[in-house]
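Take a look at the structure below.
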Amino acid sequence: MDKVNLRQFLCITFLVAIAMKMFLLPVLMMRASGRDSFLAMIFALSADLLLMLVVIIALQLSGEKNVFELLKNAFGSIVSRILLLLVSAFYTFKLFVVLADVRMFFSTSVYSSTMSPIHLLPFIALLVYFAFKPFSASGRLTEIITPLVVVSMLLLCFMTLPEVDFTNILPIAGEGLDKAVNGTYPFALWFGDFTVLLALCGKVKGGGGKLYFGLISAFVGFAFMLLFSTTLFSAYGDMTEVLTYGHNISNMTQYGAGSYKFGRIDLIIYTLWLSAVVLSAGIMTLFICRSTEYTLSSKIGKWVTLGVGVLLFIMSIIFSEMNRVTEFMTTVMWLPAVITQYCFPIICLIAGIINKFKERRKCYDKAEQKA
Amino acid sequence: MIKLNRKRKNSLLVLFFSVMFILISLTPLVPSAEVETRLMVNAIGIDVGEDGMTVTAETINGEENEVVYGKGDMLVDTLQDLNERYGRRIELGHCGLIALGSNVTREDAICIFMNVLSDGLINTGCSVVSASGSAREFISKAALLTKSTGDGVSGFISFTDSQASMTVPSILEAMQALKSKSGVAVIPILGFKEKEEESGQSGSQGSTTEQGASQNNQSKTKETEIVPPKTAKMLSRETYVLDEEMSKGLIWLLPRSKDGMAEAEMELNNQTYVLRSVIESKTTDVSAKFEDVPVITVGVETKLKLAQRYAVLSEVEKGLSLNELHDMMAEAYENSIREEVSRLAELSKTDDFLGFKTRLYRADPKRFNSWDGDLSNARIEYDIKATVL
């Protein structure tokens with residue numbers, strides 16, 4: 001069975017909401033906006049909630065059609081193939097960013113002197129394998145992992161938040177809104193994750209109006225992310241020059257004085273949290289695989305997915321200088337990210353509306369003929 | 001060609017992933033565990049002088065603690081010197097304490113903290129204290145004294161932090177204070193106290209007077225102990241020490257300090273009672289705003305548990321009601337707290353170690369940016385509330 005049920009859809013939404021934002025993003029935002037990153041993150045997350053609304057409406061309008069059939073019925077075969085291939089190409093870049101984030105996290109937090117692209121090989125192999133499995137497999141896996149992720153985040157809250165001085169986030173927009181705005185669009189590649197859920201067009205059992213619960217799921221995920229990011233923003237608000245790629249949310253459990261006594265028990269928590277990254281990246285790979293299967297053929301789609309895995313590994317070896325990678329992603333790739341991630345769902349929504357009109361027209365014509 | 005069924009395929013895939021994972025994830029352990037090539041540090045002391053920087057580190061190597069030294073112009077040179085002297089790379093990830101020498105200035109401290117934080121060398125929860133003399137002497141002595149507990153210096157400091165009235169800041173908190181608009185950090189001073197104790201048996205004490213003196217001299221032993229912090233060093237434009245009397249106010253104003261003893265004097269029926277209480281709970285609220293002048297409001301609310309109750313309860317027998325007595329004790333404490341807090345707050349107008357400018361900036365950043373930064377004409381209001389249990 002190639003479908004997910006409603007509960008699995010909500011779990012996938014939650015994990016996709018939190019996955020990519022735990023690594024480099026808060027540090028990169030702080031370098032651009034300082035403590036106004038708090039506002040920048042609120043702006044970006046609000047845009048993502050609107051995006052989620054558009055995605056849910058598109059999923060609802062798609063009925064039993066997959067994303068290719070939805071676009072093909074509205075815009076024709078050629079346009080839909082081009083669109084899906086472009087979006088797949090974009091998600092290849094995005095997967096590269098995910099791998100770079102994961103590699104940076106492990107190289108600074110765990111394997112400080114030995115982390116190399118070779119360590120990404122099992123992860124890439126797992127993603128490719130993931131893409132060949134039906135949606136029901138990812139749905140079931142997400143259902144199993146989500147409670148563990150939620151428990152780990154709640155534990156993190158108890159361990160970290162009592163020690164945090166959140167007043168350090170003030171004043172909000174103390175020097176105008178410019179800094180906050182500068183912290184939004186350059187990081188578009190780290191947001192807009194819900195677009196990948198369009199792969200679930202026609203694949204959610206018992207959806208309908210209940211799909212809108214996905215907004216709550218997304219909101220809860222964002223609330224966690226904003227809370228943990230704000231911990232970093234308030235801690236380093238006056239000293240952003242101290243921040244390097246090694247600083248991420250994983251350092252926050254060390255906030256309280258004397259916390260070193262407990263050792264790095266927080267790393268167990270982050271390991272659970274990381275499973276969200278595996279799922280989110282897996283769904284991106286699934287999207288690439290399915291898109292190429294729909295547009296080309298099933299066999300070619302699988303080979304292309306395998307090729308994407310090899311390409312990601314080669315890119316991780318060649319482009320290992322993190323400064324250059326993040327500079328490229330924030331100065332060049334932000335525009336394709338905005339266009340792809342925020343416009344593609346709108347295109348799917350328009351396709352869904354066109355399909356609905358066409359269906360109604362057909363019914364009307366049939367009724368007229370009978371009459 | 002052998003056709004594999006689904007179960008067999010999945011088993012082979014699981015085996016493949018497991019083998020790949022094990023082989024790749026264990027690569028850091030080959031040829032030997034990385035921890036054996038490291039100098040694991042429990043606490044470090046940093047002195048800055050004309051001839052450069054000296055780092056003294058208490059290291060943990062299995063069951064034994066050892067004190068090692070390094071010298072250099074800057075922190076990175078000094079740590080490299082340590083690596084070369086001892087043939088191991090220094091590992092600060094488990095370091096629980098940084099002791100700054102008495103001659104470390106604000107600029108030196110910023111430089112040191114920025115180095116260790118930005119390079120991710122040290123845990124952000126690592127405690128920071130100031131030594132009363134040189135950090136080298138402090139670490140060397142402290143390592144010997146705490147050897148018996150097995151905890152190391154940093155273990156003792158964490159105990160102190162939970163029991164003392166003056167809390168020890170983390171390196172992150174200290175850095176936040178230094179980089180805030182106020183730009184001053186308060187670092188507690190730890191020092192040593194030597195005391196003489198008499199040892200020996202009663203027989204020798206009952207000896208003759210001629211011999212008594214010499215025998216008494218031989219039977220006296222000197223003991224050195226680490227003193228919990230009662231004074232603080234101000235890392236400001238000019239570094240100075242806040243004496244014990246002035247530091248009393250810090251108990252009420254440091255946000256994380258929750259424990260300690262509080263004293264007050266109460267005049268009643270021509271008698272002066274010295275009240276001693278344990279702080280059960282305490283909340284501090286310092287807020288600021290701009291009016292015609294900057295206005296700072298210092299609020300302290302505390303609940304105190306009276307020790308030596310018998311000393312004051314005699315007044316109840318003389319006719320005073322218990323409620324009236326509690327109200328009078330509360331008033332005595334409020335006056336005492338106000339006196340301690342106002343002394344510090346007035347001093348903070350010159351040096352802003354209580355973070356008034358930071359709070360003014362948070363309240364009204366636009367007005368703050370056009371303000372000349374002079375706190376001398378600021379008005380300080382107090383809202384002190386004490387309850388004696």
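Taken as a whole, the structure places B:K349 among residues that are in contact with a strand residue (DSSP E or B) (Cβ under 9 Å, 6 or more places away or on another chain) and within 16 Å of B:S236 (Cα to Cα).
Within segment A:140-186, which residues are aromatic (F, W, Y) and over 25 Å from B:Q176 (Cβ atoms)? Break it down stepwise before answering.
Applying the first criterion (aromatic (F, W, Y)) to segment A:140-186 yields A:158, A:166, A:185.
Passing the criteria: only A:Y185.
Only residues that are among the polar types (S, T, N, Q) and surrounded by 14 or more Cβ atoms within 10 Å (Cβ to Cβ) were counted in segment A:158-175, giving 2. Is it true that A:L155 is on the phi < 0 side of the Ramachandran plot and at pLDDT below 80? So A:L155 fails the test.
The condition of being more than 18 Å from A:S234 (Cα to Cα), within 10 Å of chain B (Cβ to nearest Cβ) and touching a helix residue (DSSP H, G or I) at 6+ places or on another chain (Cβ under 8 Å) holds for only one of A:F187, A:F132, A:F123, that being A:F123.
Condition check for B:I384 on (1) within 22 Å of B:M246 (Cα to Cα); (2) in a helix (DSSP H, G or I): one failure, at (2). Filtering segment B:363-381 to residues that are free of Cβ contacts under 8 Å to residues at least 40 places away in the same chain, over 14 Å from B:D352 (Cβ atoms) and surrounded by 10 or more Cβ atoms within 10 Å (Cβ to Cβ) leaves B:P365, B:K366, B:N369.
The test for being crowded, with 21+ Cβ neighbours inside 10 Å, touching a strand residue (DSSP E or B) at 6+ places or on another chain (Cβ under 8 Å) and modelled with pLDDT of 90 or more holds for A:L59. Scanning segment B:118-144 for residues that are at the interface with chain A (Cβ under 10 Å from one of its Cβ atoms) and under 13 Å from the mean Cα position of the chain (by Cα) yields a count of 4.
Of all residues being touching a Phe, Trp or Tyr at 6+ places or on another chain (Cβ under 8 Å) and at the interface with another protein chain (Cβ under 10 Å from one of its Cβ atoms) in segment B:352-367, which is nearest to B:R237 (Cα to Cα)? Just the residue, please. Give the steps one after another, and end with the answer.
Going through segment B:352-367, the residues touching a Phe, Trp or Tyr at 6+ places or on another chain (Cβ under 8 Å) turn out to be B:357, B:360-361, B:363-364, B:367.
From the residues that got through so far, the ones that are at the interface with another protein chain (Cβ under 10 Å from one of its Cβ atoms) too are B:361, B:363-364.
On the way: B:Y361: 20, B:A363: 25, B:D364: 25 Å.
Only one residue fits best here, namely B:Y361.
Candidates A:F105, A:F130, A:F90: the one that is over 16 Å from A:T271 (Cα atoms), in a helix (DSSP H, G or I) and modelled with pLDDT under 90 is A:F130.
From the list A:T305, A:T326, which residue is in contact (Cβ under 8 Å) with a residue 60 or more places away in the chain, of a type in the set (S, T, Y) and more than 17 Å from A:L126 (Cα to Cα)?
Only one candidate passes the filter, namely A:T326.
The values are calculated or read from the model by the stated rules, or taken from the named source; none is laboratory data. Source: prediction; values computed, not measured. Note: ideal-geometry Cβ built from the backbone for every residue, glycine included; neighbour counts use all protein chains shown.
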